[in-house]
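Heads up: the structure comes next, in structure tokens.
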Amino acid sequence: MKSPQSMGMNRSGIDLSTQGAEEMMKAVDEFPPASGGNGMTLSQLRAPYFAEADPVGSIPLPGTLKGAAKSGMQKLLGHHAEVLIDQLAGRLAFERTGTRLYDALIGKFMTRRDEATMLSVDQLQQFRAEEAAHLGLCWDALHQLGADPTAVTPMADTNAVASIGLMQVIADPRMTIAQSLHAIHVAELADNDGWRLLVKLAREMGQDEMAGRLQAALEEEERHLASLRTWMEQIILHEAGAQ
Amino acid sequence: MAINLMRDKGTPLHRQDFTWRDLVQKPISKLNVDAFTRVRIILMNGIESESLRFSHACARMNKDLQGYLARVRRKEQHQQTLVNWLLPADQSPLETTIGYEQVAIEVTAALAQAEPDPYIAEVLRYGLLEDFDHLYRYAALLDRLQGIDANTITQGYTDIVPGRPTVDEHRDPLDDLREPYDKRKAAPLTKLHAYTILSGEHQTHDYYMHYGPWFADPVARQLYAEIASIEEQHVTQYESIIDPTESWMEKWLLHEANEVYNYYSCLEQEDHPHVKAIWERFLDYELGHLQFAIDVCKQVERRDPAEFLPDTLPAPIAYKSHREYVRQVLRDEVDLRADGTRFVNKQQEPERSRNYRRQMNADGSPSEAVAAGWRWSPGGELIADRGLKQAA
């Protein structure tokens with residue numbers, strides 16, 4: 001397996017323009033900052049926005065009275081059911097994006113297998129299928145609670161925003177398989193803790209049957225993360241010639 | 001390579017073909033490419049953007065020209081796509097903004113030095129010092145919001161220090177207008193400069209208006225709002241230096257000639273083999289557009305295009321660091337302000353501009369806040385702070 005990285009003419013540092021950097025420092029001395037203060041000045045400008053901000057959106061009410069009266073919902077009386085709905089919808093969104101991340105990685109890997117010979121398409125396909133199954137699990141759980149699984153809740157939106165950079169890495173043809181795996185690794189780390197929290201939340205809110213199903217998903221996510229850690233280690237050490 | 005605008009045929013319009021695959025080529029490397037290749041890509045996107053803007057305006061006012069303009073415009077739109085899509089996805093909107101300001105500084109400085117009309121040169125220098133300050137403000141934002149050193153984009157070619165403070169650049173609209181060149185007396189180079197700087201500044205305005213709402217941070221949203229407002233002032237300034245009595249046909253010919261001049265300038269100085277091939281291809285396309293417009297001028301308007309166009313092109317735009325020139329302009333002219341179409345010392349600035357500025361800055365100044373106490377240093381402010389702590 002050869003390394004797709006290479007040494008070359010990277011121009012982003014000052015070593016390639018030491019004279020330019022020296023001149024820039026002279027300019028800083030001749031033309032100093034026009035205004036006093038420091039980075040805290042920005043905080044003062046932001047403070048009123050923080051104080052007055054509206055939320056990004058709200059958690060939708062159950063669409064039907066029938067839905068609200070379902071047995072699962074009854075057990076949530078006395079709790080803030082909307083928190084469980086928001087977390088489930090957040091996981092649903094993340095799993096949906098996660099499935100697409102695997103789709104993108106598999107598409108790239110099909111033409112660039114030589115960059116990561118320890119990976120197998122079958123295993124990536126299996127992880128992809130499990131991510132897709134997990135989103136179905138969240139969808140069904142939301143239905144069970146009488147919630148609308150098609151709605152974008154605030155947590156679903158948060159996850160969508162947080163995932164933008166991950167897809168940018170994997171979809172970029174210039175990013176290597178190792179760099180793309182790094183993005184999946186970041187996703188799986190957050191996913192793992194997200195499932196762990198969701199299982200705990202469901203249990204604490206009296207949803208034992210649901211928690212059992214979520215626990216099974218968590219165990220699959222743990223396998224994903226363990227594999228990702230191993231692959232990352234192998235691929236980087238191999239590229240470095242250390243293995 | 002000598003270009004003859006009246007005789008060189010270039011690629012005829014019917015042979016200017018694209019495919020979707022062709023429009024989306026390999027992007028440049030943000031990390032490896034020379035900063036001036038990025039500068040040229042950003043400017044040429046602006047040049048093509050202006051060609052579309054003008055063509056649509058012209059079509060709305062000239063029924064007889066609509067078919068001719070539409071045929072050329074389709075090619076220009078695809079050229080703009082191909083050029084703009086050379087920018088890579090890992091170059092964030094704020095990093096690209098740093099590139100836009102480097103364009104505004106280094107290209108304006110090049111034009112100002114080559115400009116034969118002393119008044120137009122003064123106008124260019126006036127705008128230069130304002131864009132120079134924008135680079136400093138955006139560099140502070142990039143460092144303080146994301147922890148990224150703007151010099152990773154500008155690569156040591158361009159100083160990152162305050163210019164005419166952005167907070168002082170807000171003027172009454174009447175103080176943004178300038179005197180136009182006289183189309184009968186102006187050198188061809190003056191006209192090319194005017195169309196080039198107008199194109200670049202208009203695209204810069206549109207870019208900031210597009211990406212301002214993309215930012216989550218309120219300081220970034222305010223800074224883009226503030227600097228976009230100045231870019232709008234610059235568009236007002238630069239469009240007013242163009243003789244408004246030029247006919248629509250004359251303006252079309254000058255737009256095409258200016259595109260030829262700009263692709264020629266890029267081609268002469270480009271080292272990146274892939275990008276250089278694109279400049280060469282599009283220089284030939286633009287010569288084809290110019291020939292097409294020349295024919296329209298003869299057949300539809302029954303006028304001789306030689307009335308409007310020179311035969312040969314001036315020396316290309318100098319794509320290089322103009323550090324010493326910019327510093328000298330900064331020392332000499334930072335305190336100039338505008339009174340109508342004249343430049344005066346800041347003590348003589350009209351009350352109308354002072355009042356307007358007071359109003360706009362009444363709730364605070366984003367450009368002052370973002371750069372409060374900020375000075376460029378290699379690797380960014382956090383590295384400089386670390387050095388100070390170690391020294392202590």
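Just so you know, all these numbers are worked out from the coordinates, no wet-lab data involved. Predicted, not measured: the structure shown is a model, and the values here were computed from it. Using ideal geometry, Cβ is built from the backbone for each residue, glycine included, and neighbour counts are taken over all protein chains shown.
Observations
- Selection among B:42, B:228, B:369 by position relative to the dipole of chain B gives B:42 as farthest towards the positive end (Cβ unit charges, Cα centre).
- A dipole drawn for the protein assembly as shown from +1 and -1 charges on Cβ atoms has a positive end, and of B:148, B:102, A:216 the residue lying farthest that way is A:216.
- Cα-based equivalent ellipsoid, the range B:1-86: semi-axes from gyration tensor eigenvalues, Å: 27, 16, 14
- Set against the 2.2 N^0.38 Å expectation for a compact globular protein, the range B:164-227 has a Cα radius of gyration ratio of 1.49.
- Rounded to the nearest 20, the size of the Cβ-charge dipole of the range B:73-197 about its Cα centre is 720 debye, with Lys and Arg at +1 and Asp and Glu at -1.
- Phi angles of the range B:219-226 translate, via the Karplus equation with coefficients 6.51, -1.76, 1.60 and θ = phi - 60°, into HN-Hα couplings of 5, 5, 4, 5, 5, 5, 4, 5 Hz per residue; Gly and Pro are given as x.
- Peptide A:15-22 is shielded by partner chain Cβ atoms: per residue, an average of 4 of them sit within 10 Å of its Cβ.
- Both numbers refer to the Cα atoms of chain A; Rg and Dmax are 23.7, 73 Å.
- For the range A:10-152, average projected area of the Cα convex hull in nm²: 16.9 nm²
- Rotationally averaged projected area of chain B (alpha carbon convex hull; nm²): 20.2 nm²
- Here, P(r) means the percent of Cα pairs in each 10 Å bin from 0 to the largest distance; for the range B:109-167 it is 23, 41, 26, 9, 1.
- Cα gyration tensor category, rounded, prolate or oblate, for the range B:297-350 with a/c compared to 1.5: oblate
- Magnitude of the charge dipole for chain B, about its Cα centre and with charges confined to Cβ atoms of Lys, Arg (+1) and Asp, Glu (-1), is about 580 debye.
- Its alpha carbons give the range B:86-204 an Rg and a Dmax of 15.7, 52 Å.
- For chain B, built as a Gaussian network whose Cα springs stay under 10 Å, the top-fluctuating residue of B:302, B:164, B:357: B:302
- This ranking places B:248, B:279 by how few other beta-carbon atoms lie within 10 Å of each, fewest first, which gives B:248, B:279.
- Per residue of B:374-387, other chain Cβ atoms within 10 Å of the residue Cβ number 3 on average.
- In order along the range A:233-243, the phi-based Karplus estimate (6.51 cos²θ - 1.76 cosθ + 1.60, θ = phi - 60°) of 3J(HN,Hα) comes to 4, 4, 5, 6, 5, 5, 4, 6, x, 8, 9 Hz; Gly and Pro are listed as x.
- Extents of the range A:76-204, largest first, come to 56, 25, 22 Å (Cα atoms, principal axes, whole angstrom).
- The mean sequence separation of alpha-carbon pairs under 8 Å and at least six residues apart, normalised by the residue count of the range B:222-300, gives a relative contact order of 32 percent.
- Rounded to the nearest 20 debye, the dipole size of chain A about its Cα centre is 440 debye, using +1 on the Cβ of Lys and Arg and -1 on the Cβ of Asp and Glu.
- Largest to smallest principal axis extent of the C-alpha atoms in the range B:15-137, angstrom: 43, 39, 23
- Trypsin sites (Lys or Arg not before Pro) within the range B:1-32: DSSP coil, no more than 12 neighbouring Cβ in 10 Å: B:7, B:9
- Residue-wise HN-Hα coupling along the range B:97-109, computed from phi with Karplus coefficients 6.51, -1.76, 1.60 (Hz; x: Gly, Pro): 4, 4, x, 4, 6, 5, 4, 4, 6, 6, 6, 4, 4
- Comparing A:190, A:51, A:116 in a Gaussian network model of chain A where C-alpha atoms under 10 Å apart are linked, the largest mean-square fluctuation is found at A:51.
- Relative to the dominant Cα principal axis of chain B, helix B:248-269 is inclined by about 60°.
- Rg/Rg_ref, the range B:67-146, where Rg_ref = 2.2 N^0.38 Å and atoms are Cα: 1.45
- Under the shape rule built on the C-alpha gyration tensor, where the axes satisfy a ≥ b ≥ c, the range B:86-132 is prolate, since a/c reaches at least 1.5 and a/b is greater than b/c.
- Nearest 10 degrees, 0 to 90: helix A:177-204 Cα axis against chain A principal axis: 30 degrees
- In summary, the convex hull built on the alpha carbon positions of the range B:135-273 has an orientation-averaged projected area of 10.9 nm².
- Chain A: angle of helix A:40-52 to the longest principal axis, Cα-based, in degrees nearest 10: 20 degrees
- Under-5 Å amide H pairs with residue B:18, H placed in peptide plane, nonlocal only: none
- Across peptide B:362-372, the average count of Cβ atoms from other chains found within 10 Å of a residue's Cβ is 5.
- Mean-position separation - Cα centroids, the range A:186-210 and the range B:258-336, in angstrom: 61 Å
- Selected from B:190, B:128, B:177, residue furthest toward positive end of dipole (the range B:97-235; charges at beta carbon): B:190
- Across the range A:79-142, Cα-Cα distances exceeding 21 Å account for 37% of all pairs.
- On the principal axes of its alpha-carbon atoms, the protein assembly as shown has extents of 87, 59, 58 Å, going from largest to smallest.
- Comparing A:176, A:153, A:230 in a Gaussian network model of chain A where C-alpha atoms under 10 Å apart are linked, the largest mean-square fluctuation is found at A:230.
- Cα-based convex hull, the range B:270-367, per residue volume (Å³, whole number): 261 Å³
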